[in-house]
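Read the structure below first, then the notes.
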Amino acid sequence: MNITFIGAGAMGGLFGYFLAKSGQNIFLMDIWEDHVNAINSRGIRVEFNGKTSWIDIPASSNMQDTRKSDLVIIFVKSTQTKQAAVQALNCLNDDGLVLTLQNGMGNADKISQIVDPDRVIAGTTSHGATILGPGLIRHAGAGPTLIGMWSGKNNTALATIKKIFCTAGIDTRIEDNIHLIVWKKLIINVGINAVTALTGIKNGKIIDTPPTGELVRMVVKEACDVALAYGMNLPDDMADQVFTIATATGPNRSSMGQDIDHHRQTEIDAINGAIVNLAQKKGIPVPVNQTLTALVQTLQTNYK
């Protein structure tokens, strides 16, 4: 299958590596020129438990350098989703599909404004990755990848994509209600990202002190109340699920934490900020999410 990645950072590079290793025809696109140059000169390198493996994959930082593809996978930051969707449309062949595995809320909707909604796949993944430098990625944890058609209409190509991913070592499952799955992933990010980003701690530390754990419970409870108002009935133990995932990824620094550390713009508006915006439309108070959103926005606006 011809597969183009728009966004070949930590996660895009990792998935591109897995799929290329399994024999798929992969093309990586990313605006970070040093990263692209390193991939083209030395291949993409991935560190697994201290050992590094690599494979040659063509990459480009020229957004006009498109290749017709059966599948386009978007892994850019949420602030770049609309631009990526336009790029994806230019890459698709007549029956091609677009898959988003991005963090946050609203990405699939933004893509569906550009690409026929019946051709949009949304999903979540429990894989973790960190960029160590240009062309070098550390695999930071594995877990299931869940995908489904955003419009709810069946597409037989979904089963083919699942098979290709599983063959590549990416445990993938098809979900009928992918909207609920995206909400669940959003709640996980709501509970971990802003708290770790603001405090400088790693994921596992959020349960080490009672005040931090209580803060997470409050932010998750607010988000679940908003989800319910939008018809998403989430489990009562969502906070405990957040703690479980934080423990499982204990040594990791969240993606938002990494953004703060490197003085990059975060995805706060698509995570805790999304909860705030959705809550306002329903008249639901979410003071903890509102405070965390404002603090991250203030911090990233005043980088030195």
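Annotations for the structure displayed:
- Checking 143, 128, 152 one by one, the residue that is under 14 Å from the mean Cα position of the chain (by Cα) and surrounded by fewer than 17 Cβ atoms within 10 Å (Cβ to Cβ) is 143 and no other.
- Within the set 204, 169, the sole residue that is farther than 25 Å from residue 281 by Cα and at pLDDT 95 or above turns out to be 169.
To keep it simple, each residue is scored yes or no on (1) closer than 19 Å to residue 1 by Cα; (2) touching an Asp or Glu at 6+ places or on another chain (Cβ under 6 Å); (3) without any contact (Cβ under 8 Å) to a residue 40 or more places away in the chain; (4) not in a helix (DSSP H, G or I).
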{"site": "152", "(1), (2), (3), (4)": "no, no, yes, yes"}
{"site": "155", "(1), (2), (3), (4)": "yes, no, no, yes"}
{"site": "161", "(1), (2), (3), (4)": "yes, no, no, no"}
{"site": "164", "(1), (2), (3), (4)": "yes, no, no, no"}
{"site": "179", "(1), (2), (3), (4)": "no, no, no, no"}
{"site": "186", "(1), (2), (3), (4)": "no, no, no, no"}
{"site": "190", "(1), (2), (3), (4)": "no, no, no, no"}
{"site": "198", "(1), (2), (3), (4)": "no, no, no, no"}
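- Some residue of the range 160-173 being in contact with a strand residue (DSSP E or B) (Cβ under 7 Å, 6 or more places away or on another chain) and within 23 Å of residue 35 (Cβ to Cβ): yes
- Residues within the range 11-26 that are surrounded by fewer than 21 Cβ atoms within 10 Å (Cβ to Cβ), touching a residue at least 12 places away in the same chain (Cβ under 8 Å) and not charged (D, E, K, R), tallied: 4
- Taking the range 31-55 as the range and being closer than 10 Å to residue 134 by Cβ and assigned to a helix (DSSP H, G or I) as the test, the residues that pass are 33, 34, 35, 36, 37, 38, 39, 41, 42.
- Inspection of the range 27-42 finds a residue satisfying the criterion of being crowded, with 16+ Cβ neighbours inside 10 Å and of a type in the set (Gly, Ala, Ser).
- Hits in the range 65-81 (condition: among the hydroxyl-bearing types (Ser, Thr, Tyr) and assigned to a loop (DSSP other than H, G, I, E, B)): 66
- Taking the conditions (1) of a type outside the set (Gly, Ala, Ser); (2) under 22 Å from residue 253 (Cα atoms); (3) in a strand (DSSP E or B) in turn, residue 14 satisfies each one other than (3).
- Residue within the range 169-185 that is on the phi > 0 side of the Ramachandran plot and in contact with a helix residue (DSSP H, G or I) (Cβ under 6 Å, 6 or more places away or on another chain) present: yes
- Close pairs (9 angstrom Cβ cut-off, 6 or more residues apart or separate chains): not assigned by TED's automatic domain parsing to the domain that holds residue 139 in the range 233-259, in a loop (DSSP other than H, G, I, E, B) and of a type in the set (Asp, Glu) anywhere: 255/267; 256/267; 259/267
- Boolean, residue 115 is in contact with an Asp or Glu (Cβ under 7 Å, 6 or more places away or on another chain) and among the aliphatic types (A, V, I, L, M): no
This table checks each residue for (1) surrounded by fewer than 13 Cβ atoms within 10 Å (Cβ to Cβ); (2) closer than 21 Å to residue 178 by Cα.
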{"site": "232", "(1), (2)": "no, yes"}
{"site": "242", "(1), (2)": "no, yes"}
{"site": "261", "(1), (2)": "yes, no"}
{"site": "266", "(1), (2)": "no, no"}
{"site": "278", "(1), (2)": "no, yes"}
{"site": "284", "(1), (2)": "no, no"}
{"site": "290", "(1), (2)": "no, no"}
{"site": "294", "(1), (2)": "no, no"}
{"site": "300", "(1), (2)": "no, no"}
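The values are calculated or read from the model by the stated rules, or taken from the named source; none is laboratory data. From a predicted model like this one, the values you see are computed outputs, not experimental measurements. Virtual Cβ from ideal backbone geometry, glycine too; neighbours counted across all protein chains shown.
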